[in-house]
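Take a look at the structure below.
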Amino acid sequence: MHDIPLRLFAIDRGLEIHTVDGSEHMTAEGQRRAGERNLTIHARVCDAHVLPFRDNLFDAVTLQFASRHLEIIKVFKEIHRVLKPGGVFCHNDMLRPASRIIEVPYLIYLRFSVWFTAKLFGSSAESMKCVGYFADAIRHFYRPRELAALLEGVGFVGIESRDFLAGIMSYHISRKPPD
């Protein structure tokens, strides 16, 4: 819904921002929100695994709260491709906690909270089948250090990461090497 682009515009209205999303509805809502603020965001509905941009185009790319739904190595390679040499990649997402002591109660909490929210809002029987998806996606995903290693394996350098809540939430900032 263009949350990050709208926050970036709050810092610098002169930016040129492009977004990609696989959902027409999310893109349309983001465009509505940008339009309310008289902001232009160049939005495309497309597959993040094959970005519709030329090589070495962007100074910065972000990926926020979508990693678990993607073939992450393919996406990281595409992001690396479209970044200019020296360009910055910022990744932020919920990851698998670094500690098993945190992971087990956290995944139980996730299952319960998603179930409770679905019940509270009267989700359909079909929607209720997805209750375990969120926790399962995190349980099978990467830990913060593993994600940093993936970034390095794709060719990113200067990887900085910060974990919050014992690795439940993590961000990574990395660069495409300068030529």
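The values are calculated or read from the model by the stated rules, or taken from the named source; none is laboratory data. Please read these numbers as outputs of a predicted model, since none were measured by experiment. Neighbour counts run over all protein chains shown; Cβ positions are idealised from the backbone, glycine included.
Every test in (1) outside any strand (DSSP E or B); (2) modelled with pLDDT of 85 or more; (3) in the same structural domain as L63 (by TED's automatic domain parsing) is passed by A166 save one, and that test is (2). The residue that is nearest to F9 (Cα to Cα), among those in segment 53-70 that are at pLDDT 95 or above and surrounded by fewer than 13 Cβ atoms within 10 Å (Cβ to Cβ), is D59.
Kindly indicate whether any position in segment 71-93 is under 30 Å from M128 (Cβ atoms), in a strand (DSSP E or B), in the same structural domain as L150 (by TED's automatic domain parsing) and within 17 Å of the chain's Cα centre (by Cα). Taking every residue of segment 71-93 in turn, at least one turns out to be under 30 Å from M128 (Cβ atoms), in a strand (DSSP E or B), in the same structural domain as L150 (by TED's automatic domain parsing) and within 17 Å of the chain's Cα centre (by Cα). Within segment 1-48, if we keep just the residues that are assigned to a strand (DSSP E or B) and among the charged types (D, E, K, R), the residue that is nearest to Q64 (Cα to Cα) turns out to be D21. Identify, please: which residue in segment 71-92 is of a type outside the set (A, V, I, L, M) and either at pLDDT below 90 or in contact with a strand residue (DSSP E or B) (Cβ under 7 Å, 6 or more places away or on another chain) (or both) and is, among those, surrounded by the most Cβ atoms within 10 Å (Cβ to Cβ)? In this case the residue turns out to be H91. Can we say H25 is modelled with pLDDT of 95 or more and in the same structural domain as F76 (by TED's automatic domain parsing)? No; evaluated as a whole, the condition is false for this residue. Taking (1) surrounded by 12 or more Cβ atoms within 10 Å (Cβ to Cβ); (2) part of a helix (DSSP H, G or I) in turn, P177 satisfies each apart from (2). When segment 128-153 is filtered for residues that are in contact with a helix residue (DSSP H, G or I) (Cβ under 8 Å, 6 or more places away or on another chain), more than 16 Å from V75 (Cβ to Cβ) and either part of a helix (DSSP H, G or I) or charged (D, E, K, R) (or both), the ones remaining, listed by number, are M128, F134, A135, I138, R139.
From the list A10, A28, the lone residue that is farther than 30 Å from R143 by Cβ, surrounded by fewer than 11 Cβ atoms within 10 Å (Cβ to Cβ) and among the hydrophobic types (A, V, I, L, M, F, W, C) is A10.
Applying the selection to segment 55-70, what residues are free of Cβ contacts under 8 Å to residues at least 60 places away in the same chain and either aliphatic (A, V, I, L, M) or outside any strand (DSSP E or B) (or both)?
Across segment 55-70, the qualifying residues are D55, N56, L57, A60, V61, L63, F65, A66, L70.
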